Structures are given as C-alpha cells and as structure tokens.
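What follows is a set of notes on a single structure, which appears directly below.
The values are calculated or read from the model by the stated rules, or taken from the named source; none is laboratory data. Every value quoted in this text rests on a predicted model; they were computed, and no experiment measured them. Positions of Cβ are backbone-derived with ideal geometry, glycine not excepted, and every protein chain shown enters the neighbour counts.
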Amino acid sequence: MKENETLKINPLPSKTWYWLHLNDTTVKWNGDVQPCMVMAEEPEQVSEAGLNIKEMTTGVGAEANVIFEDENLPILQFTAKAEAGDRVIRLDISSEDKENAAGTVYIAAEENARVTVIEKFTSGKKAQSDLAFRTKLYAGKNSTIRLIQINMLDEGQRLLNAVGSVCDETAKLDVLQMFVGRGDVYNGIQTELEGNQSELHTEIGYIGQKQQTLDMNLVINHWGKKTNCDIQVDGTLKDAAKKVFRGSIDFKRGSSGSKGAETENVLLLGDDVENKTIPLILCAEEDVDGSHGATIGELDEEALFYFAARGIDQETAEDIMTKAKLEVLYQHIQDEETERIVADQLTKVMSNDSQ
C-alpha cells in the first residue's frame, strides 16, 4: 500500500445516489501501517466451523483490505463453545505511540454458544494518529453473539472500524456501538443472514461536535427464510459536525418471510451541522417486509419552554437531551464497568464542547 493512498470506503451496495456523491466516501490513508496495541485474554485458533470467517466482507468495503495486508499486524482468534457457558471477551485497542496502526480479530461462536465481545478503542499517545481495526464474526447454528464497541479517540485521531459477520440458522447477532470520542469515525458493518430465522439487532449512539466527521455504512443481506434485522440509530450533531449514515437492507431471492426495519433519530444543535441520512431497501423477493424512517430536527419550542419554565437555559437543555439519548443506549450494555466508562467519557466529551 502506498503512502497516503486514496481509498473509496463505505460503499452502497447499489449505486443510486450519484447526484449527491454519497455512493461511497473517499479518504486518504497512510500506507505505513504498524501493529496496534490490543490488550486481551489469551487468544486461540478459530474452530473449523468458522474458518470461512477470513473471507467475510466488511461494511467499509474491499478497498480498505489493503490496510490490513501487512503480515506483521496482529490477528487475534477466539472460539466460543456451548459447554463453556456465557463467555465474555474484552479487547482494549489503541494505536499506542504509532501514527498509523491496525489489527484484526476473528471470533467464532459454535452451535448453541453464547459470547459477548466488548471492544474499547482508546486514544493513542500521538496527537494525530489513525487506528484501523477489523472485526469478523461467525455465529453458528442457534448461537448468540453480542458485539459492543466503544469509541473514545481524541480530536485529531481517526478510527476506521470494519465489521463483517455471518449468521447461520437461528443464530442471533446483537451489535451496540457508542461513538463518544472526539475524533473522526469511519464505521462499516456488513452482515450476511444466511441461515433461516437468523437475526441481527443493531443499536448505534453517537455525538458529533466541533469539526468532527462521522461516516457510517450498514449493509444487511437477507439470504435465509424468515430472517430479521432491526437497526436503531440515535445521535446528536453540534457546532459544525458532519455525519453520513447509509443503511441498506437487501432482501435476496429466497428470503421469503423476512423482515427488516431501520430508524434514525438525529438532534441538530448547530447552525453549521451537516447531516445526511441515506436509507436503502433492495428487494428481489416478494414476500418480505421492509421499512425505514428518520426523525431529524432541533429541539421544538414546546420542549424549550418546558425547560425555561424550570429555570433551565437553552444550552443546558440541549445538553440534557443529548445525554439522555445516549444514556438510554449505553444502559443496554449490561456490563457495569463498561457502562461507567461510557458515562465518564460522555461527561468528558460534553465538557470539552463547552470550553
């Protein structure tokens, strides 16, 4: 990979938005990639059932694969087995003292297994740095994987978060992402609901402020019969922050009886914010149910009057509403330590915005 190579990432599966230039995002990424720091329990080889995990496509797209090609980059592998009970894997990921770092984790849940994966992306020591991390998940028959990702990178740092997953018959994947850092985020998730009655549930919470960029791409491919996906995105944009959300639900031929829904709620709290929400439903099967919706706007006059009547000024009211939206989500983490970390980080980020 060349230094500062231009990459097209987060592509829509169907090129339908040429006039808005939103089919993908162009970024420059330094080719001098070094191993990221990953603090984790002892990894092990992924089981035979999950060997196809390496070929999975992530939501950031194929062009981003070159970032992860260096053989010196860390590749962690974990397997969850049913007889081991509910397993929790914790990964603390950082660029440490490097300007450009990357790594990969493969996780396979065998039949009937249950595993929770908690990934925390923390700031490196360099004021300007890039961190790219790739997570690939294989959910075997009737297994459950919970993926929780917390971004806490500082201003001037960038995160490229690439997620790819495959769900077998009656498997369930729950994804919860909290973007409460101050750096730019490029986030891409692609899920293949291959098995009949497999499910994906995704919750994303974010706050964007100052000159921050948030670029998200979700691609959900329904292959099996009676598959289900549910996408819920809630966030706030302040100052001159920019955000793009692409949400694609693709009902493939043979996915009869499947359902897919996506909803985004965006609170706009700055005159210079830029919000782009791009829902996309593709359908090659008749007997399916797909829906999408978005609520985008400022605090209404009635809400502001309610706060004012109680002696709360507009800026404080906006902070209360911003925090409340994200508190609802991070309480779904169901891990006391991680919830506390997110709460502390959210307070830190919101305090920084008022400075």
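Below are the figures for this structure:
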item	result
Tabulated pairs, region 28-47, first modelled with pLDDT of 85 or more, second in a loop (DSSP other than H, G, I, E, B) and of a type in the set (A, V, I, L, M, F, W, C), C-beta under 9 angstrom, 6+ apart or interchain	Trp29/Met1; Asn30/Met1; Asp32/Met1; Val33/Met1; Val33/Leu73; Gln34/Leu73; Pro35/Leu73; Cys36/Leu73
All positions within region 218-243 that are under 15 Å from the mean Cα position of the chain (by Cα), under 18 Å from Leu269 (Cβ atoms) and not acidic (Asp, Glu)	Val233, Gly235, Lys243
Identity of the residue in region 256-270, at pLDDT 95 or above and either of a type in the set (A, V, I, L, M, F, W, C) or crowded, with 24+ Cβ neighbours inside 10 Å (or both), that ends up farthest from Val288 (Cα to Cα)	Glu262
Flag if Leu268 is over 19 Å from the mean Cα position of the chain (by Cα), closer than 30 Å to Leu346 by Cα and without any contact (Cβ under 8 Å) to a residue 40 or more places away in the chain	yes
Output for region 116-129, where each listed residue is within 22 Å of Leu147 (Cα to Cα) and part of a strand (DSSP E or B)	Thr116, Val117, Ile118, Glu119, Lys120, Phe121, Thr122
Condition broken by Asp70, with the remaining ones in (1) more than 13 Å from Ser143 (Cβ to Cβ); (2) touching a strand residue (DSSP E or B) at 6+ places or on another chain (Cβ under 6 Å) satisfied	(2)
Candidates Ala343, Ala317, Ala308 - the one that is surrounded by 12 or more Cβ atoms within 10 Å (Cβ to Cβ) and in contact with a Phe, Trp or Tyr (Cβ under 6 Å, 6 or more places away or on another chain)	Ala317
Residue list for region 139-156, filter: within 30 Å of Asn30 (Cα to Cα) and within 17 Å of the chain's Cα centre (by Cα)	Leu147, Ile148, Gln149, Ile150, Asn151, Met152, Leu153
